[in-house]
1. Name the residue that is farthest from Lys167 (Cα to Cα), counting only residues in the range 178-194 that are under 19 Å from the mean Cα position of the chain (by Cα) and hydrophobic (A, V, I, L, M, F, W, C).
2. If you go through the range 39-64, how many residues are closer than 30 Å to Ser152 by Cβ and surrounded by 17 or more Cβ atoms within 10 Å (Cβ to Cβ)?
3. Select, from Arg63, Arg51, Arg56, the only residue that is within 16 Å of Thr27 (Cα to Cα) and of a type outside the set (S, T, N, Q).
4. Enumerate the pairs (first residue in the range 165-182 and more than 14 Å from Leu97 (Cα to Cα) and without any contact (Cβ under 8 Å) to a residue 60 or more places away in the chain; second residue anywhere and part of a helix (DSSP H, G or I) and among the small types (Gly, Ala, Ser)) with beta-carbon separation below 7 Å, excluding pairs fewer than 6 apart on the same chain, so at least 6 apart or on different chains.
5. Any idea which of (1) loosely packed, with under 14 Cβ neighbours inside 10 Å; (2) farther than 29 Å from Phe92 by Cβ is the one Leu197 doesn't satisfy?
6. Taking only the range 52-77 into account, find how many residues are within 15 Å of Phe92 (Cα to Cα) and among the β-branched types (Val, Ile, Thr).
7. Sort out which residues of the range 78-101 are surrounded by fewer than 16 Cβ atoms within 10 Å (Cβ to Cβ), in contact (Cβ under 8 Å) with a residue 40 or more places away in the chain and assigned to a helix (DSSP H, G or I), and write them in order of number.
Amino acid sequence: MLSPILVAHREPHIALHPINGPSDPITGSALLQRIARGDQHAMRFLFTRHRHQAFRFILRLTRDEALAEDILIETFFNVWRFADRFEGRSKFSTWLLAIARQKALAVRRRPSMLELDDHLATSIPDPADDPERAAQRKDVQKALRRCLANLSARHTEVIDLVYYHGKTVVEVAEILNLPEATVKTRMFYARRKLAQLVHATGCVTCGR
């Protein structure tokens, strides 16, 4: 019999009825309770809901799509096997990304640089959409990618979790297994270094 995770690859659209009726939102904790009881359909639903977020995060750590796919499957196998260990003290996505990070760190031999996501690059204000501005904006995005690639891996993963995945300092600390003060320190130095790199490349002026 195929595992519920592998089956989910073949079922892109999976419906799951809420526990207490249509108006009851299906939370990660509720799904894990079902999964802990062996509910394969709940596992497939959870995988379908979170697979893309987890894959993007893993890919940033590995920069290898095939490897990221393998780690993704291993990560959700862990969720399937250890669903009963989730204590609900954090969001399910925080717990999931922590597992994914542990798996990724276990297989890579050295820290790799993470690429800047277009979400961060395109967050730069740009009031005009004329061709000249569009070309300048592309230059800004390329410059920012180069700048982020020059940050250390530990600084880049903090930037990635906060700006791309929308995690709080508390959640980042849990994912990275670090004190909150350390996360704040890394964020401070990462932002300062990124600002220095952006200034050095002249990226600030090209976006005006």
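No lab work stands behind these numbers, since they all come straight from the coordinates. Remember, predicted model here, so these are calculated numbers, not experimental data. Here the Cβ positions follow ideal geometry from the backbone for every residue, glycine too, while neighbour counts run over all protein chains shown.
1. Across the range 178-194, the extreme among qualifying residues is Ala190.
2. Of the residues in that region, 10 qualify.
3. Among Arg63, Arg51, Arg56, only Arg51 is within 16 Å of Thr27 (Cα to Cα) and of a type outside the set (S, T, N, Q).
4. Within 7 Å, the pairs are Pro179/Ala173; Glu180/Ala173.
5. Evaluating Leu197 over (1) loosely packed, with under 14 Cβ neighbours inside 10 Å; (2) farther than 29 Å from Phe92 by Cβ leaves (1) as the failure.
6. Final tally of qualifying residues: 1.
7. Hit for the range 78-101 is Asp84, nothing else.
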